[in-house]
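The numbers here are math on the coordinates, done by the rules we state, and not lab data. Treat the numbers as computed from the prediction; the structure is a model and nothing was measured. Cβ: placed from backbone, ideal geometry, glycine included. Neighbour counts: every protein chain shown.
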Ligand SMILES: [Zn+2]
């Protein structure tokens, strides 16, 4: 449901513009019917339940599928005819996976964006510096990567984002531009905290869903392959959110993906190279 715009100033593909209207309509409908019934109106129970489930459904869809634009309009891609796309890696850095990924990217001359978890990055600042030294971009992926991030108060998340941005600045020399919310889930506090932290929300055009130990490399590769075109933002995982654990699928997916990209003449650049800041 992404929206594709066609003027020079609107090449960024963001979530659907109508999502917030959908939320407003379902909210007004549910509240109106509930108020009507509370004040003695003849509103059948099934109608009220229908309106309330519509509202809950809109909220759930908005949190889980940011491309619907219900709570925010994250960046999903970029319209370009140049043979460029953006590979991104979440939940690292990982002491085993990240160096292997860096070597693979170097071999093909690609640059990527690493959405690191602050608490993990703080423990591996040498690796963080190595990512930057090799020409890649660092993105903010929160400090703790809590599964319930969409339910956090904006002030709590803002503190997390600022701590992570501060760490990334100390290594990269500048504050990060991008925030990818944990698991790509958005809510009003997530959107507000990102805005107050001066970060641009980004999710992805396609994700390999390879961030768990049980992930299958063939299905992850197939998901990415469907969006392997100029301007795509492809998400993979070099780490997992917890202290231990190691995603394996990425090391099987990436060589296949890079070889397919070479076949199609596609090159990965950092998100900020793909999407110049004046295009925000
Ligand atoms: Zn993540």
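Angle of helix 45-64 to the longest C-alpha principal axis of the chain, folded into 0 to 90 degrees and rounded to 10: 20°.
Between 0 and 90 degrees, rounded to the nearest ten: what's the tilt of helix 154-172 against the longest Cα principal axis of the chain? Result, in degrees: 10. Taking every alpha-carbon pair in segment 150-280 and binning the separations at 10 Å intervals from zero gives 11, 34, 37, 17, 1 percent. Look at 212, 13 and count the other Cβ atoms within 10 Å of each Cβ; fewest to most, that gives 212, 13. For the chain, adding -39500 (n - 2.57) for each run of n ≥ 4 DSSP H residues and dividing by the number of residues yields -14000 deg cm²/dmol at 222 nm.
As a test, work out the antiparallel percent of DSSP beta bridges whose residues both lie in segment 75-279, rounded to the nearest 5. Among the beta bridges of segment 75-279, antiparallel pairing accounts for roughly 5 percent. Each principal axis of the Cα atoms in segment 1-109 has its own extent, and those three values, largest first, are 71, 40, 15 angstrom.
When the Gaussian network model of the chain links Cα atoms closer than 10 Å, the mean-square fluctuations of 50, 21, 204 top out at 50. Residues of segment 195-213 falling in the label zone of residue 248, defined by backbone nitrogen less than 19 Å from a point 7 Å along Cα to beta-carbon, are 208-213. Answer rounded, prolate or oblate for segment 190-262, using the Cα gyration tensor with square roots of eigenvalues a ≥ b ≥ c: rounded when a/c is under 1.5, else prolate when a/b is larger than b/c, else oblate. Judged from the Cα gyration tensor, segment 190-262 comes out oblate (a/c at least 1.5, b/c at or above a/b). Among 224, 49, 257, the residue with the largest mean-square fluctuation in a Gaussian network model of the chain, with springs joining Cα atoms closer than 10 Å, is 49.
Length gained on full extension, residue 53 to residue 219: 56.5 nm, using 0.36 nm per residue less the C-alpha separation. Averaging 1/r over each pair of different alpha-carbon atoms in segment 18-68 and inverting the result gives 11.4 Å, the Kirkwood hydrodynamic radius.
Between residue 45 and residue 229, the C-beta separation translates, for a Förster distance of 35 Å, into a calculated FRET efficiency of about 0.10. Taking only Cα atoms and a 10 Å spring cutoff, compute GNM fluctuations for the chain and point out the largest among 68, 113, 45. Maximum among the listed residues: 45. Shape analysis of the chain based on the Cα gyration tensor places the equivalent ellipsoid semi-axes at 36, 21, 18 Å, largest first. Angle between the Cα long axis of helix 97-108 and the longest principal axis of the chain, 0 to 90 degrees, nearest 10? So the helix axis and the longest Cα principal axis differ by about 70 degrees.
Distance between the pseudo-spin-label points of residue 212 and residue 79 (7 Å out from Cα toward the beta carbon): 3.6 nm.
Shape of segment 76-152 from its Cα gyration tensor (a ≥ b ≥ c, root eigenvalues): rounded if a/c is under 1.5, otherwise prolate when a/b > b/c, or oblate? Oblate.
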